[in-house]
1. In whole Hz, what ³J(HN,Hα) sequence does segment 46-62 give by Karplus (6.51, -1.76, 1.60; θ = phi - 60°), x for Gly and Pro?
2. What's the center-to-center distance, using Cα atoms, between segment 208-240 and segment 287-304 in Å?
3. May I ask you to order 95-107, 268-280 by the average number of other C-beta atoms within 10 Å around their residues, highest value first?
4. Be a star and scan segment 253-297 for residues whose amide nitrogen sits under 15 Å from the point 7 Å along the Cα-to-Cβ vector of Ala215.
5. Give me the count of lysine pairs in segment 165-321 whose alpha carbons sit under 21 angstrom apart, restricted to pairs 8 or more positions apart or on different chains.
6. Compute the normalised compactness of segment 165-321: alpha-carbon radius of gyration over 2.2 N^0.38 Å, N being the residue count.
7. Counting Lys +1, Arg +1, Asp -1, Glu -1, what net charge surrounds Asp296 among other residues with beta carbon under 14 Å of its beta carbon?
Amino acid sequence: MNESATRAKLVQIISEHHYSLPGKKLGISELSDRVGITRQAFNRYYGDLKDYAWGRKPLSDLLTGSAPNATELLTQSHTKLVELNEQVETQQAQFVKEKEKLRNGLITSLMNEDILRFSANEIRQSMQQQLLHNEQLLRQVNELKLAAIQSDQGKAEEVPAAPRLIANKIALETNLLNAFSAIHKNDDIDTYELQKEKAIDEVLGKINGLARTTATTVVVFVERYISSFQKFVDSFYLPNGGQTIIVRLPIASSLELKSWMAKVIKPTPIKVYFPMCDAPAIVKAQRAFQFRGIPDFELEMADKFSTLNMSPLMDELCIFRVNQGD
């Protein structure tokens, strides 16, 4: 291809490009490749076409050899397309501004929502701390009650007295604060399980310490985090009276429960109360209102322990239905 033919091809490609994509720059490398020459050759022999390729000069200057009407028509089309392209770019810029404005508004809304959520979390945490404090106070009351009973037992052994019916009800809670702390802070399952086992063993030790000297009935409330232990304690009574220890036991399987009951001093009677609820909505509501601070891992374990059968280690098994508010 001679120089004249190459120039004509270059002019054609430049014209077609700007006619179909007005205002868009045509790269010199792409233009050279389409004609079949090097970039260096283009710059050396056809460098005057660079401004046309980049859209800096009007195409009408390249079409002087065409018919006047065709040249004028192409120029008008090119001008119109450039105007349309500018309008599109203006609209795109406006769209970007509107999008940014909407985005900023959304961010502001999310920030406000985060502030409200943060305030709600602070209130919730404060309530949880107050509930934990109340639980600790109740636990201390029960500890003092237990110590007073043991003191009375010691005095009774020193000074013989006529037999009398002792009607006492003692509530013992398994303290899982350290276990839950291991989950919340470090997601440490091993430490959680060790702390939980330690807390359960401590409760067992208190029960056996009292059962050695006094006829005692142990009532096991299996904690499944669907009903209030305190309400259960308040409403519970034994028809024949006697000393009763009601223990809140967060056991996650029938095998663990059997192992725990086997360690209770014989012949201490053991009555097991197992809460049930087949309505997921009630379970969700109970946990949202009463058990917000319980780790998900602990709740999942409680859910897996869904049924319980009578065992020779039990003197009584009561499976009771939980209603909302219990």
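1. Working through the residues one at a time gives 10, x, 5, 8, 4, 5, 6, 4, 8, x, 7, 10, x, 5, 4, 5, 8 Hz.
2. Each part's Cα centre sits 22 Å from the other's.
3. Those peptides, ordered most packed to least, come out 268-280, 95-107.
4. Residues 267-270 qualify, since their backbone N sits under 15 Å from the label point.
5. Lysine pairs satisfying the spacing and distance rule in segment 165-321 number 24.
6. 1.04
7. 0
Taken together, the values in this text are just the output of simple stated rules run on the coordinates, not laboratory data. Quick caveat: nothing in here was measured; it's all calculated off a predicted structure. Neighbour counts run over all protein chains shown; Cβ positions are idealised from the backbone, glycine included.
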